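Remarks on the structure that follows.
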Amino acid sequence: MTDREQIINAIAANQPAFSPLPATHFTAEDQEDLASQFADTLTAIGSVVFVVDNLADIHQHIKSNTSADHRVISTIGMVEYNEDIGTNISPHSLQNVEIAVLKAHFGVAENGAVWLTEELMGNRVLPFICQHLMIALPIKDIVANMHKAYERIGNDSYGFGAFIAGPSKTADIEQSLVMGAHGPKTMTIFLMRS
Amino acid sequence: MSTETKDHAALADDFNKDEDRVDWHDETLWWIRQKRDKAVNKLPDWELLRDTASAIKDNVLSNLSVYLQEFEAKAQNNGIIIHWAANAEMHNKIVLDLLKAKGIRQMVKSKSMLTEECHLNEYLENNNIEVIDSDLGERIVQLAKEPPSHIVLPCIHKKKEEIGELFHLHLGTDKGNSDPQYLTETARQHLRNIFITRRASLTGVNFAIAQTGEFVVCTNEGNADMGAHLADIHIASMGVEKIIPERKHLGVFLRLLTRSATGQPITTYSSHYSKPRDSKEIHVIIVDNGRSKQLGRADFRNSLKCIRCGACMNTCPVYRRSGGHSYHNAISGPIGAILAPNLDMEKFADLPFASTLCGSCSNVCPVKIDIHQQLYKWRQVIVQNGYAPAAKKAAMKLMSITLSSPFLYHTSGKAGRMVLRFAPFAVNNRFNPWFKQRDMPAPPDQSFGEWYAKNR
């Protein structure tokens with residue numbers, strides 16, 4: 001008998017009588033002012049939030065905060081930061097990226113997470129390997145909680161997707177919180193009015 | 001560190017030699033418990049979430065054989081390669097064979113308590129494969145050649161000065177510098193180089209979705225993703241109980257997990273792995289290692305609902321004052337004490353006794369495992385199977401003889417009161433384990449029986 005048969009047979013023999021799935025209805029949370037709840041949560045988890053009008057504002061912000069020797073990659077239509085970083089490059093070549101500017105599908109007010117799938121990342125490793133992560137998010141694309149988040153994701157198909165909530169962090173040394181464990185040291189969210 | 005022959009009480013004694021450290025350990029974990037409370041109290045639906053999560057897990061356990069096959073089929077459709085391992089040895093062999101087939105001699109690993117349970121690192125090192133743990137806390141205990149003492153906070157027992165000294169020895173930091181920011185930055189540089197150069201990466205699995213064949217890995221550091229997205233081959237090890245039925249159920253579990261663990265609203269990264277990158281490989285190893293047996297134990301199967309948040313450890317008055325290593329098992333604390341006897345009842349016979357049965361663990365458990373009741377039930381099973389610790393066995397035998405003979409009962413009661421009154425030194429000494437941390441009570445003048453005879 002293979003390990004597979006052995007395991008499945010043992011489990012089938014030992015599992016208890018069928019117990020049905022419960023309903024998953026939760027209190028409808030206040031849908032008003034999700035943007036300020038989202039911004040407050042983000043600030044609490046170590047992110048920086050800017051409310052801007054549009055992509056041009058974000059572009060201006062990056063220009064005035066970087067120097068020419070910084071490698072900046074954007075996947076959201078800023079021509080000077082556009083690079084081909086798809087499957088034909090080695091992800092290792094992204095190790096010197098200073099700033100990655102990506103768009104998120106939506107944000108979650110209760111925990112400050114944003115949902116990205118790999119089409120928005122350009123390359124799976126990019127949001128993790130860059131030193132600083134910047135996310136553009138239309139202000140209308142904020143949901144209240146994780147139940148609403150998975151309703152919104154529905155049956156979408158993706159190779160890889162991630163909720164990202166704030167900069168990479170650790171508190172493994174005597175519970176002292178340090179930003180920038182392995183991934184980005186900062187995370188900036190631009191909430192766009194349009 | 002040899003913990004093979006000592007039981008929980010003896011190991012806790014070792015930990016208790018340094019009283020300041022015990023106080024510090026106790027307070028640190030209680031602070032995390034308080035952070036959990038603050039986060040939990042913000043959610044009006046918290047108890048509903050716990051009930052729902054527990055009921056989803058009931059459904060999972062009752063239909064696990066079907067869900068596992070559904071997960072397998074969906075994952076294979078997505079291009080993931082599935083392996084099955086009945087026990088730890090098989091799991092370790094599968095990992096080794098995968099690495100050997102690609103000629104890989106070095107692997108980077110993110111946190112996986114399952115691989116601790118299987119002693120994968122030792123096995124691979126004995127087969128000339130180098131493994132580097134990338135979670136900062138795991139890397140620290142790896143450098144110290146110790147096992148993790150907590151499932152979420154692996155080096156919670158270590159002072160920053162000790163970590164500074166380890167980093168000075170192994171990573172060349174300045175002697176005497178124990179600033180957490182400085183040490184973390186050093187580890188970041190050191191491990192970046194590891195991530196960039198390793199062709200194989202192993203991660204754990206927090207949740208595997210039967211409906212879609214994807215699996216979710218949660219970290220704060222981003223180490224699972226740095227490893228997986230830079231490697232040619234990503235191996236993910238999961239226990240059979242990690243299955244949840246549908247994607248939408250992640251909404252329930254991700255709301256519970258990190259609030260229970262550290263009081264954060266969610267981990268920084270909740271990564272959903274569905275398909276491998278072009279020309280790269282994802283392998284999932286589904287491991288039983290005693291879980292199907294535990295599923296058959298009606299009194300103990302609920303322990304398989306555990307989502308490894310560590311809340312039961314942070315709240316446990318025994319864990320906080322005895323330290324994770326005193327449990328001499330990969331998973332320590334109350335949940336470890338109900339999982340371990342299933343694996344080896346004799347070796348872990350002491351663990352269900354390492355509890356006051358106060359029930360705090362059950363009260364904070366996000367999936368409502370009846371942990372303290374299982375601890376109580378394990379004690380009975382262990383004694384019935386003849387695995388009770390020798391001293392406890394002798395004491396219980398003596399008690400049973402005394403209680404079954406009215407003459408012996410009355411005589412020994414009288415003798416006990418006499419001794420306490422006239423010769424307290426006979427019991428107030430180091431040979432009486434009860435006296436070690438307590439004062440003996442003042443002896444009553446007479447027994448209840450004597451009082452009743454006079455006053456009836």
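Every number here is computed from the coordinates shown, using simple stated rules; none is lab data. A quick note: this is a predicted structure, and the numbers were derived from the prediction, not measured. All Cβ positions, even for glycine, are placed from backbone atoms using ideal geometry, and neighbour counts span all protein chains on display.
Taking amide H as placed 1.01 Å from N in the peptide plane, residue B:130 has its amide H under 5 Å from the amide H of B:106, B:107, each at least 5 places away in sequence or on another chain. List, in the order given, every pair from B:111/B:275; B:159/B:242; B:57/B:347; B:35/B:109; B:42/B:158 whose Cα-Cα distance in the structure shown is over 23 Å. Going by Cα-Cα distance, B:159/B:242; B:57/B:347; B:35/B:109; B:42/B:158 fall outside the 23 Å limit. When only the Cβ of Lys, Arg, Asp and Glu is charged (+1, +1, -1, -1), the dipole of the stretch B:405-455 relative to its Cα centre reaches about 140 debye. Counting only Cβ charges, +1 for Lys and Arg and -1 for Asp and Glu, the dipole size of the protein assembly as shown around its Cα centre is about 1940 debye. Taking the Cα centre of the stretch A:32-192 as reference, the dipole from Cβ charges on Lys and Arg (+1) and Asp and Glu (-1) amounts to some 160 debye.
The separation of the stretch A:62-98 from the stretch B:19-53, counted between C-alpha centres, amounts to 41 Å. Residue-wise HN-Hα couplings along the stretch A:60-68, as the Karplus relation 6.51 cos²θ - 1.76 cosθ + 1.60 with θ = phi - 60° gives them from phi, are 4, 4, 5, 4, 7, 10, 10, 10, 5 Hz; Gly and Pro carry x. The angle between the Cα long axis of helix A:3-14 and the main principal axis of chain A comes to about 60°, on a 0 to 90 degree scale.
DSSP finds beta bridges in the protein assembly as shown, and of those with both partners inside it, around 30 percent are antiparallel. Counting only cysteine Cβ atoms and a cutoff under 4.7 Å, the protein assembly as shown contains unmatched residues A:130, B:118, B:155, B:218, B:306, B:309, B:316, B:358, B:365. The helix-based estimate of mean residue ellipticity at 222 nm for chain A, built from -39,500 (n - 2.57) per DSSP H run of four or more residues and divided by its residue count, is -7000 deg cm²/dmol to the nearest 500.
Taking the charge dipole of the protein assembly as shown about its Cα centre, with +1 at Lys and Arg Cβ atoms and -1 at Asp and Glu Cβ atoms, the residue from B:364, A:137, B:187 reaching farthest to the positive side is B:364.
The angle between the Cα long axis of helix B:180-197 and the main principal axis of chain B comes to about 50°, on a 0 to 90 degree scale.
Taken over chain A, lysine pairs spaced eight or more positions apart, or on distinct chains, with alpha carbons under 22 Å apart number 8.
Relative to the longest principal axis of the Cα atoms of chain B, the long axis of helix B:64-77 lies at roughly 20 degrees.
Between amide H atoms placed 1.01 Å from N, distances below 5 Å from residue B:239 occur with B:287, all of them 5 or more places distant or on a separate chain. When both bridge partners sit in the stretch A:32-192, DSSP labels roughly 25% of those beta bridges antiparallel. One compactness figure for the stretch B:329-456 is 1.37, namely its Cα radius of gyration divided by 2.2 N^0.38 Å.
In chain A, a dipole from Cβ-located charges (positive for Lys and Arg, negative for Asp and Glu) runs towards its positive end, and of A:54, A:108, A:94 it is A:94 whose Cα lies farthest in that direction.
Entry note, chain B: relative contact order of 20 percent, from Cα contacts under 8 Å with a spacing of 6+ residues. The mean sequence distance of close C-alpha pairs (under 8 Å, at least 6 residues apart), as a share of the length of the stretch A:125-194, puts its relative contact order at 51 percent.
Max-minus-min Cα coordinates of the protein assembly as shown on each principal axis give 98, 57, 56 Å, with the largest extent listed first. Restricting attention to chain B, close to 20% of DSSP beta bridges with both partner residues there are antiparallel. The 3J(HN,Hα) values that the Karplus relation (6.51, -1.76, 1.60; θ = phi - 60°) gives for the stretch B:289-298 are, in residue order, 6, x, 5, 5, 5, 4, 4, x, 8, 4 Hz. Gly and Pro appear as x. Helix-derived [θ] at 222 nm for chain B: sum -39500 (n - 2.57) over DSSP H runs of at least 4, divide by residue count, nearest 500? Helix-only estimate at 222 nm: -15500 deg cm²/dmol. Here the simple spin-label model places points 7 Å from the Cα toward Cβ, and for residue B:106 and residue A:155 these points are separated by 4.6 nm.
Neighbour counting of Cβ atoms within 10 Å sorts the residues A:72, A:125, fewest neighbours leading, into A:72, A:125. Can you tell me the FRET efficiency between residue A:70 and residue A:33 if r is taken as the Cβ-Cβ distance and R0 is 22 Å, rounded to the nearest 0.05? Plugging the Cβ-Cβ distance into 1/(1 + (r/R0)^6) gives 0.05.
Modelled label positions at residue B:451 and residue B:384, each set 7 Å beyond Cα in the direction of Cβ, lie 3.6 nm from each other. Listed from fewest to most Cβ neighbours within 10 Å, the set B:412, B:112, A:157 follows the order A:157, B:412, B:112.
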